[in-house]
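Below: the structure, in structure tokens.
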Amino acid sequence: MTPTRPLGRLAVLVSGNGSNLQALLDAADAGTLPARVVLVASDRPDAYGLQRARDSGVPAHVVDWQRLRRHGGEREGFDRRLADLVARHNPDLVVLAGFMRVLTPAFLRHFEGRVLNLHPALPGAFPGVRAIERAHEACRASGLRETGVMVHRVVPEVDAGPPVAVESIPLDPSESLEALTTRVHAVEHRILPAAVAEVLAALPDDEFACRRAS
Ligand code: GRF
């Protein structure tokens, strides 16, 4: 009989509301995601996701990018600090859930192939900010018929990298941006925990076990 695996350890990075973090916390609580969020970190001290973490008893930390920048800090310096913080919590996976900074190899090389990002568009479409709004505009202006949501492995390029989960969402030119945004978020909240569970399940046993120490 295969021994039951311990819960996966997740570090979740957020910059704002944290509704996708909440979806992960809820799925972990419900037992549908065999994982535990061991750290929430943000580049912004005012991110509401930090409060969600505290409300769930999860350590919440800030590496304040704006503050660092005012004191002459650079992108790689921020990434190194963030990598140190995340590494101390020994995660199996790092999940970018509404994290609005592009991470460089100074961060990524510490977690090779183990960083996932959620993006509210289909692979190759609308990388960067305001993806939902841009899809909505493209639907009205040039008849774009679908957008979507993807979870992908992170590479240094913005919102690129191999997808691990993709779901299409039909567009309707008469729909308001608000209504489309609500539909896109509902898909995100469903596919993110499922994709994380799938990636955790595919991690080799030995890799998984070596991070059990803490
Ligand atoms: C999500 O739409 C995510 O795809 C995008 O930013 C939004 C974050 O929402 N990158 P929340 O902070 O999880 O509520």
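The values are calculated or read from the model by the stated rules, or taken from the named source; none is laboratory data. Since the structure is predicted, the reported quantities are computational estimates derived from the model, not experimental observations. Here the Cβ is made from the backbone with ideal geometry for all residues, glycine too, and neighbour counts use every protein chain on show. Just so you know, the surface numbers come from the protein's heavy atoms only, side chains and all, with ligands and any DNA or RNA stripped out. Shrake-Rupley method; radii C 1.70, N 1.55, O 1.52, S 1.80 Å.
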Check your understanding: Using the Cα gyration tensor of the stretch 1-150, with a ≥ b ≥ c the square roots of its eigenvalues, what is the shape: rounded (a/c below 1.5), prolate (a/b larger than b/c) or oblate (neither)?
Key -> oblate
Review point. Cβ under 13 Å from P123's Cβ, P123 left aside: what net charge do those residues give with Lys, Arg +1 and Asp, Glu -1?
Key: -3
Exercise for review: Can you work out the accessible area per residue across the chain, with the rest of the protein chains kept in place, probe 1.4 Å, in square angstrom?
Suggested key: 50
Revision key, fill the gap. Rounded to the nearest whole number, the Stokes-Einstein translational diffusion coefficient of the stretch 1-62 at 20 °C and 1.002 mPa s (Kirkwood radius, C-alpha pairs) in µm²/s is 181
Review point. More than 23 Å apart: what percent of Cα pairs in the stretch 126-214 qualify?
Key: 37
Practice item. Roll a 1.4 angstrom probe over the protein heavy atoms and tell me the percent of accessible area of the chain that is carbon or sulfur. Key: 52
Review point. Cα centroids of the stretch 74-125 and the stretch 9-47: how far apart, whole angstrom?
Key: 14
Review point. Magnitude of the Cβ-charge dipole of the chain, K/R +1 and D/E -1, about the Cα centre, nearest 20 debye?
Key: 580
Check your understanding: For the stretch 147-214, which trypsin sites (Lys or Arg not before Pro) are in a loop by DSSP, counting at most 13 other Cβ atoms within 10 Å?
Key -> R212
Practice item. Using DSSP to define loop residues, name the GluC sites (Glu not before Pro) in the stretch 111-175 whose beta-carbon has at most 11 other beta-carbon atoms within 10 Å. Key: E112, E157
